[in-house]
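See structure below.
Every number here is computed from the coordinates shown, using simple stated rules; none is lab data. These numbers were taken from a predicted model, which means no experiment stands behind them. Cβ placement follows ideal geometry from the backbone for every residue including glycine, while neighbour counts extend to all protein chains displayed.
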Amino acid sequence: MSTQFDPTIDWLADAPLTPDQRRVWNHMRGALVDAREQLVELDKKVKLLQRENAEDHPQSVLTRPEFNREVARMLAFDERYGGTSSVLYYDFENLDEITARFGKSVANAALQEIGKILMKQVRSSDVVGRLAADEFGILLMRCSNDEAWKKGKLVARALQEKLVEVHGHKLELAISYGAYTFRDNEDVGKGLKQAAQVVTKAEN
């Protein structure tokens with residue numbers, strides 16, 4: 001059974017090191033201790049941010065300004081402590097057509113269902129926002145681009161499966177989605193615009 005390295009123990013205490021080698025060794029041990037302490041603190045801060053976000057917005061779809069504010073806050077957190085966050089963008093292309101065919105009440109009911117489905121498909125630490133009349137966004141905290149695209153496809157499939165009919169009317173929603181991962185020092189508006197530009201039509 002392997003023994004985990006403990007940097008607080010001087011494993012080379014009895015080794016015949018020169019004074020310079022001893023200084024380098026002690027410096028490396030100290031750096032490793034500091035790095036581990038920083039990782040522990042970072043993990044605590046991430047969990048605290050997730051709890052605060054869940055408490056501030058329990059099961060609610062944010063407005064665009066609120067969503068942008070949450071994205072900006074997470075980007076600042078990522079920049080300071082390290083990390084990667086992504087955003088999903090959903091466009092319901094034929095919502096105007098649904099409104100014209102079945103009326104505003106059916107379209108509004110569909111939008112309410114969209115919000116509920118999106119909230120159920122994400123973690124409590126993630127953020128859902130309505131960005132425009134027929135557009136929604138999801139902020140995925142601590143999520144790489146590959147994982148964001150995978151999640152985007154799963155959510156789009158759930159929307160297609162669960163939004164077949166509203167108030168007795170078959171919707172046949174046309175859903176497009178995109179995923180974008182923010183880079184260092186990138187603003188919210190640019191990231192959302194990039195996500196909107198890399199949309200992919202959801203499979204039926």
Rank the residues H169, H27 as a footprinting-exposure proxy: fewest other Cβ atoms within 10 Å of their Cβ go first. H27, H169
Apply the a/c threshold of 1.5 to the C-alpha gyration tensor of the stretch 66-135 and tell me whether it is rounded, prolate or oblate. prolate
Distance violations [Cα-Cα > 28 Å] among K44/K162; K116/K150; K44/K116; K104/K162; K170/K190: K44/K162; K44/K116; K170/K190
Around A174, which amide H atoms from residues at least 5 apart in sequence, or from another chain, sit under 5 Å from its own amide H, with H modelled in the peptide plane? E93, N94
Taking N as its residue count, the alpha carbon Rg of the stretch 58-201 over 2.2 N^0.38 Å: 1.04
Hey, what do the phi angles of the stretch 80-87 turn into as Karplus ³J(HN,Hα) couplings, whole Hz, using 6.51/-1.76/1.60 and θ = phi - 60°, x for Gly and Pro? 7, 10, x, x, 9, 10, 10, 10
Note, the stretch 113-126: 3J(HN,Hα) by Karplus (6.51, -1.76, 1.60, θ = phi - 60°), whole Hz, Gly/Pro = x, goes 5, 4, x, 5, 5, 4, 4, 6, 8, 10, 6, 5, 7, 7
Quick calc, S176 & N145: beta-carbon distance into FRET formula, R0 25 Å, rounding 0.05, result 0.90
